[in-house]
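Taking it in order: structure first as structure tokens, then the write-up.
The values are calculated or read from the model by the stated rules, or taken from the named source; none is laboratory data. These numbers were taken from a predicted model, which means no experiment stands behind them. With ideal geometry, Cβ positions are generated from the backbone for all residues, glycine too; neighbour counts draw on all protein chains shown.
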Amino acid sequence: MRRTKLFAGSSHRELATLVAQRLGHPLSNVALQAFANRETSVHIGVSVRNEDVFIIQSGSDTVNDHLMELLIMVNACKSASASRITAVIPYFPYSKQCKRKKERGAIAAKLVANMLSVAGVDHIITMDLHASQMQGFFNRPIDNLVAEPCIIRWVRDNVPEWQDAVVVSKNAGGVKRVTSMADKLGINFALIHTDRNPHRQEAWSTLSSRAPSRVPSDAEDDEEDEDEEDEEDEVVAGAEAAVEQANLHHRLASVNEVSADDAVTAGSGAPSDVSKARETKAVVVADESSGESCDRRVKQVQRLSLVGSVRGRVALLVDDMIDKPHSFLQAAEQLMQCGAKAVYILATHGILSGNALQLIETSPMVRRVVVTNTFPVSAAKRQLTSKLTVIDVSSVFSEAIRRTHNGESVSFLFDHAI
Amino acid sequence: MSTNSIKIFAGSSHRHLAGLVATRLGIELSKVGVYKYSNQETAVTIGESVRDEDVYIIQSGSGEINDNLMELLIMINACKTASARRITAVIPCFPYARQDKKDKSRAPISAKLVANMLTVAGADHVITMDLHASQIQGFFNVPVDNLYAEPCTLKYIKECIPDYRSAVIVSPDAGGAKRATSIADRLDLDFALIHKERKKANEVSRMVLVGDVRGKVAILVDDMADTCGTLGLAAKTLVDNGATRVYAIVTHGILSGKAVSVINNSVLEKIVVTNTVPHESKKVECPKLDTIDISATLAEAIRRTHNGESVSYLFSHVPE
């Protein structure tokens, strides 16, 4: 590639190196350091005047430092007269904070998008955004690549019983993702529904008294995280429910017909019941978004129920990211109770913070966890479990970079593994 | 019912200073929850309504500088989307202020980037103190009030340095000459300058004193003390040239790295910093460290900004 420079941020040099190798184009020199007062320092080592610059930086465990580093690198290239700057962000940081889901919350993802624009980014390449609507946050072109073809290829190659497997979403928000994968594999899908006991009584004071502490305890954090995730998913479901419902009914119904003998828990045996369940959920959603629901840290009694059948089959639990694995493990347990032969967890972004991998290793419910290398998983982390597989998606990024540079279409990458 | 009253939020970088400011204004800090998700992303919950209120967010550029900056940006953004009437970022020590020019090829102007980020997050106004270069005010498209610690510094010199009338104000580098001459003029004292040759950031090689300090008290004045290498060497140069005692007065005491041990081992009599940056923990290890409280200046600036009064008074006076 002529007049092109590739730079790697310090978050994920492994992926950047792989991408550079595949492109047959070396990474250019850049000195990334921190000053004594911890300000980030960047020195671009080669001329970028009139060059097509690609900067590869993912999210990581020190997300704010790496985000700042990316912004400064972009800014340095911009003021050094680069002709075009493309930020390649395999895992987009703050993508979970992409809507106002509580009163007075910030849309941090939109803020990050604005910061990138203001730093001087001309184009963004990323993968599996938490919500594809985030593409609208940018006033620059953005290519949201998908890991799905790579994951599907892995399933075909490595799951012996895949033709008889069931793809499962652990919440309603992920149904679209799951149906798409089920369609492409030509297999059935199921859905895990979380029932909540709405005892939202804890007062706001709980939060405010806790406010000064910067890092909450692990337990609280978990709950918070899950809650956030699920609440979020519910909102998504609420929005899409109407559109999807007819289609969903049809498919769920057919699933139920196939396995009419299966006593599916929590009365989802007939389509009408399913719809009732969804209506109830819609009401809950309305409650959450309208009322003064500050108490997001409520203790909740969760009841999982499976919609669809997995008896005697392999279950592929699919989501876009896996951080703390509790909700996945609960779902896996539910699936095993419903007679699944084995459970695979498939996620694009393997954040796996804290003791996630130990929990997975010790859980008898999970056969394998499969993630891609969009998010750096250190060698030390990989040693913690034998159940982790990391799929290499560097080829997708290198091809996207090549096509972007040459002005070719990238749509091919949405359906084909390379 | 909104009252368009002052709401002060404190980021996690320097809650102590924010508390002092709030006490001065006779109000309480507003509730905010700042925490991190397990994936280390910063999250913020604004704990009370800010609709149509005049919001001030106090966050200094210190410690985990990128985390604190991100936190500030998210807090601003949260207030913005919650319909605050006006959002003022109060940044006692402005982060990345030293990366303010393209001093070598392809160097980023990170201070400008930070300015843009604050604007894009939704800040309507910025209050800061002793910017490394006052030109940084021009990086913003919103009004910036650059306050001075100078009045407080003068007060300290008059009250706490016994024989200040025979002292010499010394600037440790050419860039600080203006700041030092201004103080020297106000106190009607002599002025000297140390010229240093810098090889790379945070490292100083050779120093030359311009002016006379023999038999006098020397007061080094600067805007920022980071690793303190410069100050240590400057103090030594002054003593070598016959100064009886050497004080250092610095606005932003970042004191990173080995600063504390450098100060302890130096010939400095005292190093005086303002509380724009938290340094309580360092005070325990460093008996030479003294603090000037500038919360009054910040509080008064906030009050005046809120009431639409002039803040110029604060450039030359310490509020009572």
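Observations
- Among the residues listed as B:I57, B:I27, the single one being in contact with a helix residue (DSSP H, G or I) (Cβ under 6 Å, 6 or more places away or on another chain) and of a type in the set (A, V, I, L, M, F, W, C): B:I57
- Checked against (1) in a strand (DSSP E or B); (2) crowded, with 21+ Cβ neighbours inside 10 Å, B:R206 passes all but a single condition, namely (2).
- Flag for A:S95 being polar (S, T, N, Q) and either within 16 Å of the chain's Cα centre (by Cα) or more than 7 Å from chain B (Cβ to nearest Cβ) (or both): yes
- Any hit, region B:95-113, residues being within 14 Å of chain A (Cβ to nearest Cβ), hydrophobic (A, V, I, L, M, F, W, C) and under 19 Å from B:V311 (Cβ atoms): no
- Here B:T45 fulfils each of the conditions (1) free of Cβ contacts under 8 Å to residues at least 60 places away in the same chain; (2) assigned to a loop (DSSP other than H, G, I, E, B) apart from (2).
- Count of residues meeting criterion [of a type in the set (A, V, I, L, M, F, W, C) and assigned to a helix (DSSP H, G or I)] in region A:143-192: 12
- Yes/no for B:L72 being under 29 Å from B:H132 (Cβ atoms), more than 10 Å from chain A (Cβ to nearest Cβ) and in contact with a Gly (Cβ under 8 Å, 6 or more places away or on another chain): yes
- Among the residues here, B:A180 does not qualify as closer than 21 Å to B:P92 by Cα and either part of a loop (DSSP other than H, G, I, E, B) or at pLDDT 95 or above (or both).
- The residues of region B:77-91 that are facing chain A (nearest Cβ under 8 Å) and within 22 Å of B:A299 (Cβ to Cβ) amount to a single one, B:C79.
- Here A:E161 fulfils each of the conditions (1) more than 14 Å from every other protein chain (Cβ to nearest Cβ); (2) surrounded by fewer than 24 Cβ atoms within 10 Å (Cβ to Cβ); (3) under 25 Å from A:R403 (Cβ atoms) apart from (3).
- Of the residues making up region B:78-96, those that are buried (at least 22 other Cβ atoms within 10 Å of the Cβ) and either in contact with a Lys or Arg (Cβ under 8 Å, 6 or more places away or on another chain) or in contact (Cβ under 8 Å) with a residue 60 or more places away in the chain (or both) are B:A78, B:C79, B:A84, B:I87, B:T88, B:V90, B:P92, B:C93.
- Hey, B:D222 among the acidic types (D, E), more than 24 Å from B:P319 (Cα to Cα) and not assigned by TED's automatic domain parsing to the domain that holds B:G61 or not: no
- Every residue from region A:49-77 that is buried (at least 24 other Cβ atoms within 10 Å of the Cβ), assigned to a loop (DSSP other than H, G, I, E, B) and either within 11 Å of another protein chain (Cβ to nearest Cβ) or touching a Pro at 6+ places or on another chain (Cβ under 6 Å) (or both): A:S58, A:G59
- Within region B:56-65, if we keep just the residues that are surrounded by 24 or more Cβ atoms within 10 Å (Cβ to Cβ) and either under 14 Å from A:P93 (Cα atoms) or not polar (S, T, N, Q) (or both), the residue that is farthest from the other protein chains (Cβ to nearest Cβ) turns out to be B:Y56.
- Candidates A:A119, A:A80, A:A131, A:A87: the one that is touching a residue at least 12 places away in the same chain (Cβ under 8 Å), more than 12 Å from chain B (Cβ to nearest Cβ), of a type in the set (A, V, I, L, M, F, W, C) and farther than 19 Å from B:N39 by Cβ is A:A87.
- Test: residue in region B:185-192 that is crowded, with 21+ Cβ neighbours inside 10 Å, more than 14 Å from chain A (Cβ to nearest Cβ) and assigned to a helix (DSSP H, G or I): no
- Among residues of region B:214-260, those that are under 21 Å from the mean Cα position of the chain (by Cα) and among the polar types (S, T, N, Q), counted: 4
- Complete set of residues in region B:261-320 that are surrounded by fewer than 16 Cβ atoms within 10 Å (Cβ to Cβ) and among the β-branched types (V, I, T): B:V267, B:V284, B:T291
- Search result, residues across region A:97-117 that are surrounded by fewer than 24 Cβ atoms within 10 Å (Cβ to Cβ), on the phi < 0 side of the Ramachandran plot and in a loop (DSSP other than H, G, I, E, B): A:C98, A:K99, A:R100, A:K101, A:K102, A:E103, A:G105, A:I107
- Residues that are facing chain B (nearest Cβ under 8 Å), closer than 25 Å to A:R403 by Cβ and surrounded by 20 or more Cβ atoms within 10 Å (Cβ to Cβ) are absent from region A:10-31 altogether.
- Any chance A:F7 is in contact with a Cys (Cβ under 9 Å, 6 or more places away or on another chain), among the aromatic types (F, W, Y), crowded, with 22+ Cβ neighbours inside 10 Å and more than 10 Å from chain B (Cβ to nearest Cβ): yes
- Scanning region B:116-142 for residues that are assigned to a loop (DSSP other than H, G, I, E, B) and in contact with a Cys (Cβ under 9 Å, 6 or more places away or on another chain) yields B:G122, B:D130.
- Test result for A:M134, of a type in the set (A, V, I, L, M, F, W, C), in contact with a Leu (Cβ under 9 Å, 6 or more places away or on another chain), outside any strand (DSSP E or B) and over 20 Å from A:T4 (Cα atoms): no
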